[in-house]
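Values quoted throughout were computed directly from the atomic coordinates according to the rules given, and no laboratory measurement underlies them. Quick caveat: nothing in here was measured; it's all calculated off a predicted structure. Cβ placement follows ideal geometry from the backbone for every residue including glycine, while neighbour counts extend to all protein chains displayed.
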Amino acid sequence: MIAILKRLTGNGTTMAKMRWSESCIPTLKEDPREAEIPSHKLMLRAGLIKKLTSGVYTFLPTGFKVLKRIENIIREEMDDAGCQEVLMPILHPEEIYEESGRLKSFGPELFKLQDGRKRTFALGPTHEEVITLVARDEMRSYRDLPQCLYQILTKFRDEIRPRYGVMRAREFIMKDAYSFHVSDESLDVTYRRLEKAYCRIIERCGLDFRVVEAESGYIGGNESHEFMVLADNGEDRILSCDCGYAVNLERATASEKDEKRGAPGTGAFKEVETPDQKTVGDVASFLGVTSREIVKTLLYRSGEKNIALLIPGDREVNGIKLVRILDDPEIRFLEPGEIKEFTGGPVGFSGPVGLPAGTSIYADNLIGSFDSMIVGANKEDMHLRDVVAGRDFEIAMSGDFTMAREGDLCPKCASKMNKSNGIEVGHIFKLGTKYSSAMKATFLDDKGKSHPFIMGCYGFGVSRMVAAAIEQHHDEDGIIWNPAIAPFDVILLPLNTNDAEVMKVAEEIESGLHERGLSVLTDDRSLSPGVKFKDSELIGIPLRVTIGKKLKDGKVELFQRATRQVDDIPVGDVLEKILEFAGD
RNA sequence: CGGGGUGUAGCGCAGCCCGGUUAGCGCGCCUGCUUUGGGAGCAGGAAGUCGAUGGUUCGAAUCCAUUCACCCCGACCA
């Protein structure tokens with residue numbers, strides 16, 4: 001009840017009483033062909049959104065109500081965390097991206113356009129540059145810090161592939177916040193506070209989620225966490241442990257129990273013929289071993305040098321780790337021709353033994369568990385057995401190069417981790433001085449010395465959150481809104497709209513609920529009952545009151561969407577009952 | 001950007017391979033009557049540049065070429 005009254009004070013939920021016959025809620029009986037996953041199908045079917053063009057959507061009245069409720073929860077939590085709301089421009093002069101150095105790193109995802117005088121602008125994909133310029137001019141003294149500013153605004157990214165409706169759109173609504181600090185300690189305080197605020201936002205929306213360690217991507221920075229709503233159709237893979245640790249799969253450390261791989265070395269390595277056996281699986285079955293005994297040798301070009309990377313045969317390389325460890329975003333595989341020229345052998349038969357002198361051989365940490373290994377011989381149709389690292393070739397450096405997988409060990413407690421899918425709704429970063437240094441945004445400390453701001457940034461996908469909520473909470477009949485973000489608190493179903501008594505009771509309940517601060521949708525359409533039942537379940541309003549044949553006995557039916565619990569309530573008690581359920 | 005698929009009424013589809021009346025079906029929509037507790041019944045009705053352009057042909061939704069849009073699968077991210 002308290003929650004209900006509080007919500008009324010926020011903007012966005014002022015229209016608390018609506019008649020379906022007068023509303024734009026275009027429901028669809030059939031799945032639209034363009035939609036693949038449940039949330040996208042349901043958003044279209046329930047009349048929440050309408051596509052304008054690929055990755056660009058209109059939020060229709062019901063969808064917009066949900067969006068506003070989520071926005072208001074975010075506002076409350078951000079304000080509670082001491083942040084201040086601002087509104088920045090969408091249109092950005094291109095030069096600010098030159099200044100920060102992101103023109104290149106963003107690449108084609110930056111939406112660009114020209115004005116009438118041929119000046120180039122970008123549509124804002126995020127606002128690090130804009131906010132840093134605010135700080136540069138307006139925050140000059142350590143006395144002004146720390147500060148945290150946020151906004152809720154439409155963002156533009158020319159996504160390589162828009163997908164799944166508003167889940168991955170080219171135009172989307174994001175809450176973004178930026179903080180400025182004199183020290184890492186101060187940044188850490190705000191970072192933790194925002195982390196907590198994000199958890200509260202998602203909890204209040206009623207979603208199951210994990211906070212995971214993450215890569216920072218092109219935003220840049222050091223520490224970074226993602227907020228993942230768990231859902232089978234999530235695009236992100238995460239590993240999590242019962243101890244509470246969770247990590248994005250692409251960042252997770254590949255770590256196994258200390259089981260030895262390969263037979264103990266039985267003397268010098270020897271050549272074995274492996275005609276036409278090109279893949280690890282081929283070679284393993286041909287030689288009668290498992291792929292665990294084999295070592296893959298991957299050849300890359302980094303700068304002017306060719307390098308070799310060894311990883312276990314049953315593992316995949318993690319390209320993100322490779323780029324980070326070798327500090328080379330341009331690194332690429334050698335072409336088949338280059339491999340032949342470099343090693344003397346064809347693709348599929350490369351190995352670390354006998355590579356040209358001076359070749360750097362990197363190895364995944366797991367290579368240490370091999371007593372001996374099977375590798376390519378750098379000759380067509382030949383492999384080497386009983387190869388021993390350190391004896392038959394030298395490893396220049398070992399590191400964590402492989403993609404982790406389910407069953408790998410938790411770095412905190414060493415139990416096996418489980419894999420699940422998630423939808424990234426939030427991402428927070430410790431940026432450090434990346435932008436402030438590049439853009440010369442500095443403050444004066446208490447000794448009059450100037451330093452670049454230490455910054456944090458905090459993104460939350462508002463429109464994506466709508467999709468995530470549906471993806472996690474729906475059934476075969478439709479959406480199941482959590483009461484905190486439902487477009488209406490209650491839907492009223494007077495079945496026979498020609499029956500004056502039915503309509504009178506419906507109007508009384510409607511007014512009663514309205515006066516008590518609940519938002520109500522009354523389905524006053526003169527349609528057959530089945531249609532109205534189906535539609536009410538499709539759009540997922542938490543509570544439904546049916547005014548129908550039981551009215552003869554002075555009763556109406558109260559239906560709870562989430563549990564499907566049905567109660568027959570005397571008309572006189574219905575307001576009280578609804579408030580009781582709605583207040584939970 | 002590479003690979004695959006689809007464009008026919010507001011939505012979902014058939015017709016296309018094998019060219020030939022007036023382009024069809026279901027849902028929705030409009031009018032009237034009946035019906036009102038699980039996607040109602042009867043009667044009548046409106047609605048289409050067959051994605052676009054060009055070609056082949058006596059004749060093209062159908063064959064050919066070009067092009068655009070959208071969806072799905074791979075490398076990115078809120």
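Taking only alpha carbon atoms, chain A gives an Rg to Rh ratio of 1.07, where Rh is the Kirkwood radius. Among A:39, A:463, the ranking by other beta carbons within 10 Å of each residue's beta carbon, starting with the fewest, stands as A:463, A:39.
Run lengths n ≥ 4 of DSSP H only: what is the helix-derived mean residue ellipticity at 222 nm for chain A, with -39500 (n - 2.57) per run over all residues, to the nearest 500?
On the way: 15 runs with 156 residues, N = 584.
It comes out at -8000 deg cm²/dmol, rounded to the nearest 500.
Once the Kirkwood radius over Cα pairs is known for the stretch A:481-583, the Stokes-Einstein relation at 10 °C and 1.306 mPa s delivers a diffusion coefficient of 119 µm²/s. Close amide-amide hydrogen proximity is noted between residue A:110 and A:158, each under 5 Å apart and 5 or more residues distant or on a separate chain (H modeled in the peptide plane; Pro and chain starts excluded).
The string of couplings for the stretch A:321-336 from the Karplus curve (6.51, -1.76, 1.60, θ = phi - 60°) is 5, 4, 4, 5, 5, 8, 6, 9, x, 8, 4, 8, 5, 6, 6, x Hz, one whole number per residue in order, with x for Gly and Pro. Taking the fewest neighbouring Cβ atoms within 10 Å as the starting point, the ordered list for A:481, A:20 is A:20, A:481. With contacts taken as Cα pairs under 8 Å and at least 6 residues apart, the stretch A:22-79 reaches a relative contact order of 27 percent.
Taking the number of other C-beta atoms within 10 Å as the exposure measure, put A:427, A:383 in order starting with the fewest.
Working: A:427 22, A:383 25.
The order, fewest Cβ neighbours first, is A:427, A:383.
Here the 3J(HN,Hα) profile of the stretch A:94-101, calculated from phi with Karplus coefficients 6.51, -1.76 and 1.60 at θ = phi - 60°, is 4, 4, 5, 7, 5, 4, 7, x Hz, Gly and Pro shown as x. The radius of gyration of the Cα set in the stretch A:270-399, together with its Dmax, comes out at 13.6, 39 angstrom.
When you restrict to C-alpha pairs under 8 Å that are six or more residues apart and normalise by the size of chain A, the relative contact order lands at 18 percent. Among the cysteines of chain A, A:24, A:199, A:205, A:457 have no other cysteine beta carbon within less than 4.7 Å of their own. In this structure the amide hydrogen of residue A:17, modeled in the peptide plane, comes within under 5 Å of the amide hydrogens of A:520, none closer than 5 places in sequence on its chain. Rounded to the nearest whole Hz, the Karplus-based 3J(HN,Hα) values (6.51 cos²θ - 1.76 cosθ + 1.60, θ = phi - 60°) of the stretch A:124-136 follow the sequence x, x, 7, 10, 4, 5, 4, 6, 5, 5, 4, 5, 4, with x at glycine and proline.
Residues whose amide H lies under 5 Å from that of residue A:302, counting only those 5 or more places away or on a different chain, are A:307; hydrogens are built 1.01 Å from N in the peptide plane.
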